[in-house]
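Enquirer: Here it is: the structure, laid out below.
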Amino acid sequence: MVSTVLVPVDGSPLSFQALRHALREYPEAEVIVYHVVDLFDPGYGRDSVVDSPSAYEPLIGTDEWYGSVEEATDRLFSEADAVADEYDREVTTESDIGDPGRLVVEYATEEDVDHVVIGAHGRPDERRPLYGSVSETVVRRVPVSITIVR
């Protein structure tokens with residue numbers, strides 16, 4: 001029986017489809033919405049999740065950059081809460097800054113997670129898998145069962 005489901009979200013429509021899937025398919029499980037701001041691509045997933053003037057801003061660590069990250073994460077989690085409300089559910093939210101693939105795998109490995117549900121962006125390049133690089137990393141390395149939503 002699945003008691004804890006991890007749903008990585010990046011603000012993209014597919015990540016919210018994954019959240020809807022988890023809420024619908026695992027009605028008794030705790031659902032953890034996990035957002036990782038990528039240090040070198042903070043706007044990935046949505047038009048501009050984090051409005052950063054420079055990809056190197058996190059290395060400098062300005063107050064403005066961290067404030068922007070916090071505001072964007074709060075907006076994303078508010079949207080996740082609204083989705084959970086559609087299912088009369090609540091979600092737990094967690095966030096980090098770093099490499100999304102590595103941190104999702106680390107979270108799923110170190111925390112009490114039974115299942116991961118992840119949206120897969122996919123790439124049109126026929127030489128690539130049917131899912132994006134973060135999803136590919138998670139699929140290959142996460143030690144629990146996983147559902148990919150496309």
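Enquirer: Just give me the residues in the stretch 65-87 being exposed (fewer than 12 other Cβ atoms within 10 Å of the Cβ) and over 20 Å from Pro13 (Cα atoms), in sequence order.
Expert: Gly67
Enquirer: Among the residues of the stretch 82-104, is there at least one that is in a strand (DSSP E or B) and charged (D, E, K, R)? Give the steps one after another, and end with the answer.
Expert: From the stretch 82-104, those in a strand (DSSP E or B) are 92-98; that's our starting set.
Add one more test, that the residue is charged (D, E, K, R), and what stays is 94, 96.
The answer is yes, given that some residue of the stretch 82-104 is in a strand (DSSP E or B) and charged (D, E, K, R).
Enquirer: Scan the stretch 105-120 and give yes if some residue there is touching a Leu at 6+ places or on another chain (Cβ under 7 Å) and modelled with pLDDT under 95, otherwise no.
Expert: From the stretch 105-120, those touching a Leu at 6+ places or on another chain (Cβ under 7 Å) are 107-108, 113, 116, 119-120; that's our starting set.
From the residues that got through so far, the ones that are modelled with pLDDT under 95 too are 119-120.
Yes, the stretch 105-120 contains a residue that is touching a Leu at 6+ places or on another chain (Cβ under 7 Å) and modelled with pLDDT under 95.
Residues are listed down the side, and each one gets a yes or a no for (1) within 19 Å of Asp99 (Cα to Cα); (2) outside any helix (DSSP H, G or I); (3) modelled with pLDDT of 65 or more; (4) out of contact with any Asp or Glu (no Cβ under 6 Å at 6 or more places or on another chain):
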site	(1), (2), (3), (4)
Met1	no, yes, yes, yes
Leu6	yes, yes, yes, yes
Arg24	no, no, yes, yes
Glu28	no, yes, yes, yes
Tyr34	yes, yes, yes, no
Phe40	yes, yes, yes, yes
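Enquirer: Okay, next question. Ser135 is checked against (1) assigned to a loop (DSSP other than H, G, I, E, B); (2) at pLDDT below 95 and fails just one. What number does that condition carry?
Expert: (1)
The values are calculated or read from the model by the stated rules, or taken from the named source; none is laboratory data. Keep in mind it's a predicted model, so treat the numbers as computed, not measured. Here Cβ is always computed from backbone atoms with ideal geometry, including for glycine, and neighbour counts include all displayed protein chains.
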